[in-house]
1. Work out the length of the dipole vector of segment 87-229 about its Cα centre, built from +1 on the beta-carbon of each Lys and Arg and -1 on the beta-carbon of each Asp and Glu, and round it to the nearest 20 debye.
2. Using the Cα atoms as the points, what is the convex hull volume per residue of the chain in Å³?
3. Express in Å², to the nearest 10, the accessible area of Ser166 obtained by rolling a 1.4 Å probe over the protein heavy atoms while all chains stay in place.
4. Could you report the accessible area of Trp218 in Å², rounded to 10, computed with a 1.4 Å probe on the protein chains as they sit in the structure?
5. First measure r as the distance between the Cβ atoms of Ala303 and Asp173, then evaluate 1/(1 + (r/R0)^6) with R0 = 25 Å and state the FRET efficiency to the nearest 0.05.
6. For Lys340, give me every one of the lysines with a C-alpha distance below 24 angstrom, ignoring sequence neighbours fewer than eight places off in its own chain.
7. Give me the tail of P(r) for segment 92-166 as a percent: Cα-Cα pairs with distance above 16 Å.
8. Between Lys162 and Arg330, with labels modelled 7 Å along Cα→Cβ, what's the label distance in nm to one decimal, could you check?
Amino acid sequence: MTDTTFPAAGHLPAAASGLRLASPEADADLTALAQRLAPVANACNAQDGMDELVTVDELTNWLSAKGEHFDPVMDLRLALVGDQLVGYMWTDWVDTTDDLREYRLVGYVHPDWQRRGIGTALLAWGEEHAREHYAAHPSDRPGAFGSWASEKRVAKAALLTKHGYSQVRWFFDMQRPDLEEINVPPLPDGLEIRPMGNDEPSLRALFAADVEAFQDHWGGFAADEPMFKRWIHDADFDPSLFVVAWDGDQIAGGVENAIYRADNVAFGRSRGWLDSVFVRRPWRRRGLGAALVARSMVVLREAGMAEAMLGVDSDNPTGALGLYERAGFRVHTRSSAFRKPM
């Protein structure tokens with residue numbers, strides 16, 4: 001275990017007295033660890049007005065899917081005062097579509113413990129950890145630190161800005177507040193919608209098609225085996241909600257829809273998500289995206305949902321923002337990607 005103590009009179013004078021940053025044990029009970037992490041994240045969400053629920057199942061699934069890009073023992077730090085968990089941070093990394101090796105730093109400090117230097121201590125650990133990893137795994141790509149903040153997370157954005165991060169990209173969560181009167185355009189000639197199989201070969205084919213389509217998008221993600229496992233083992237994973245268009249034996253595009261039932265119960269709503277909307281290059285500019293989005297809203301309505309949400313890059317190069325606006329979606333929440341050169 002890595003265990004670093006930051007005394008109140010030490011090199012981080014504003015930090016809580018006795019703060020230490022510790023890694024999880026290699027043989028830690030991941031469900032028990034998730035049960036400690038979830039209340040911290042949810043307290044921060046409540047403070048910032050984020051209508052999101054972090055569940056123990058979600059965190060356990062995430063912690064279990066370790067690999068080259070993320071290993072909880074190496075890449076997660078718990079901020080402790082005595083035995084009390086007051087915050088945590090993790091890092092992962094990705095080779096981005098704009099030719100950086102970006103180390104992404106994400107964390108929370110419980111509202112009762114904010115403004116004591118704990119966020120600064122966690123950020124300092126994250127950056128140093130990233131530098132060490134970059135030195136041990138050199139790349140021709142320039143190194144960078146990255147993070148993310150909703151416009152509602154004012155304190156987080158202020159902390160990042162204070163430490164040299166800049167906003168580099170805006171993303172929108174968009175909402176269609178009702179699922180009535182959906183205009184469903186025809187599919188392009190030669191394409192058909194087929195039910196998505198729940199067998200592993202079918203799911204791997206869909207995963208690969210999605211990854212290929214998003215190579216044209218800003219940022220990027222680690223499309224590796226742990227990510228695939230994390231996707232299919234999510235508690236709300238339900239391929240029966242997916243809408244996938246085929247051209248013969250080729251996947252032309254699809255929408256991976258989801259219903260996050262614990263969130264809906266917690267916030268008293270009936271919301272479905274168009275989690276990933278993609279069209280592969282050979283089938284773009286033919287109206288397939290609009291046809292898939294409309295059919296996805298019908299699927300969610302038939303599953304009992306009253307509204308739909310999706311996320312989009314505000315500068316999406318394929319014109320997705322306009323497509324969603326034409327389908328009746330409007331901006332609900334804005335978020336920013338932050339970066340800082342290493």
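1. Dipole magnitude for segment 87-229 comes out near 980 debye.
2. With only Cα atoms used, the chain gives 136 Å³ per residue.
3. Accessible area, nearest 10 Å²: 60 Å².
4. Counting only protein heavy atoms, the figure is 60 Å².
5. Rounded to the nearest 0.05, the efficiency is 0.80.
6. Lys152, Lys156, Lys162
7. Of the Cα pairs, 52 percent sit more than 16 Å apart.
8. It is 3.6 nm.
The values are calculated or read from the model by the stated rules, or taken from the named source; none is laboratory data. Since this is a predicted model, take the numbers as computed values, not measurements. Here the Cβ is made from the backbone with ideal geometry for all residues, glycine too, and neighbour counts use every protein chain on show. The accessibility values were calculated without ligands, DNA or RNA, using every heavy atom of the protein model including side chains. Shrake-Rupley method; radii C 1.70, N 1.55, O 1.52, S 1.80 Å.
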